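Here the structure comes first, spelled out in structure tokens, and everything after it is commentary.
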Amino acid sequence: MKLVSIVVPMYNEEEMAPIFLKEVSAVMSSLKDYNFEIVAVNDGSKDNTLDILKSSLKDYPNLVIVNLSRNFGHESALHAGLINARGDAVIPMDADLQDPPSLIIELIKKWEEGYDVVNAKRKSRDEDTRFKRGTAELFYKLINKLSPKVKIPENVANFRLIDRKALDVVLSLSEKSRVFRVEVPFVGFRVGEVLFSRPKRDKGYSKYNTKAMVNLAIDSTISLTNRPLEWCIGWTATMGIITVLSIISEIVIAILLALDVLSFSWMYMLIWLIVNIVLIVGCVLMVQLSIMSLYLAKNIVETRNRPDVIVREVIRKE
């Protein structure tokens, strides 16, 4: 039978850990044609999360505990869980049950239809605050504008099913600042989708504060595209055009002043000359910055060491 791994990072989830294990196990027991394991990652919890997980081993023999030496953050904890998952398919989830365990059945059905990645997409974000909805919409528009070749699906977090062959490619990526929701779209493969309504958290509180969301947005942008570095080239070109037009305009006006065609204070011409000198110096600096940005962007690509092409399968006639 196929093995399905549920990967769940936990940080200070002593209230939710027993509820999560019970709910997920109930769903798993209804699927008789699959074997399951739950890979729980204790991300340096300061409460009794680890002790509760250890005491749960007797009731849940398919539970695997990955205990980190300290708190490394959600993405790093998720990566540790993915490394230790052995399933033919892996489903990352949050412990707060806002990723409904009942959806596991629908994800597996889509997987069996031949999809390598099955995204769990929220129908709406009505339960979020207006600020969070607005910033999320802005983030998706911006990041997809910056990276036209790799599209990040809107309202899709880490909750999804990913087939082993796609997961192995994701794990082979060499960067240290990992963002799972960016890495999965990057590797491609055949993608399906299941819609769901996100319920409210029953107990505890979210550990994902504004600072964590800002850091995630920054890491996502940096790991996905080098286009912000290319902006320097556009700014340099724009500044160069403005500088050339300003110099030409000043020369023309100076000639007209010399011919007494215009009546204009030479003091203003002196100020204009100083402004043009500043623009010329700025252009020189911007050109240098653009050259540095090009080399830095190339260096980032080479250091990241991602594959330039990913082959899903090779089909030959026997």
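Among the residues of region 81-102, those identified as open to solvent by 20 Å² or more (accessible area, probe 1.4 Å) and either aromatic (Phe, Trp, Tyr) or not in a loop (DSSP other than H, G, I, E, B) (or both) are Ile83, Asn84.
The set of residues in region 148-196 that are of a type in the set (S, T, N, Q) and either over 23 Å from Leu97 (Cα atoms) or modelled with pLDDT of 80 or more (or both) comprises Asn158, Ser172, Ser174, Ser177.
Scanning region 3-16 for residues that are over 12 Å from Val39 (Cα atoms) and open to solvent by less than 10 Å² (accessible area, probe 1.4 Å) returns a single hit, Met16. Looking only at region 35-54, how many residues end up being out of contact with any Leu (no Cβ under 7 Å at 6 or more places or on another chain) and surrounded by fewer than 16 Cβ atoms within 10 Å (Cβ to Cβ)? Number satisfying all stated conditions: 5.
Any residue at all in region 55-76 that's on the phi < 0 side of the Ramachandran plot, open to solvent by 30 Å² or more (accessible area, probe 1.4 Å), in a strand (DSSP E or B) and among the polar types (S, T, N, Q)? Yes, that holds for at least one residue.
The values are calculated or read from the model by the stated rules, or taken from the named source; none is laboratory data. Note that the structure is a prediction, hence the values are computed from the model and not measured. Because the Cβ atoms are built from the backbone with ideal geometry, glycine has one as well, and the counts that use them run over all protein chains shown. Quick note on the areas: whole protein, heavy atoms, side chains included, nothing else; ligands and nucleic acids left out. Shrake-Rupley method; radii C 1.70, N 1.55, O 1.52, S 1.80 Å.
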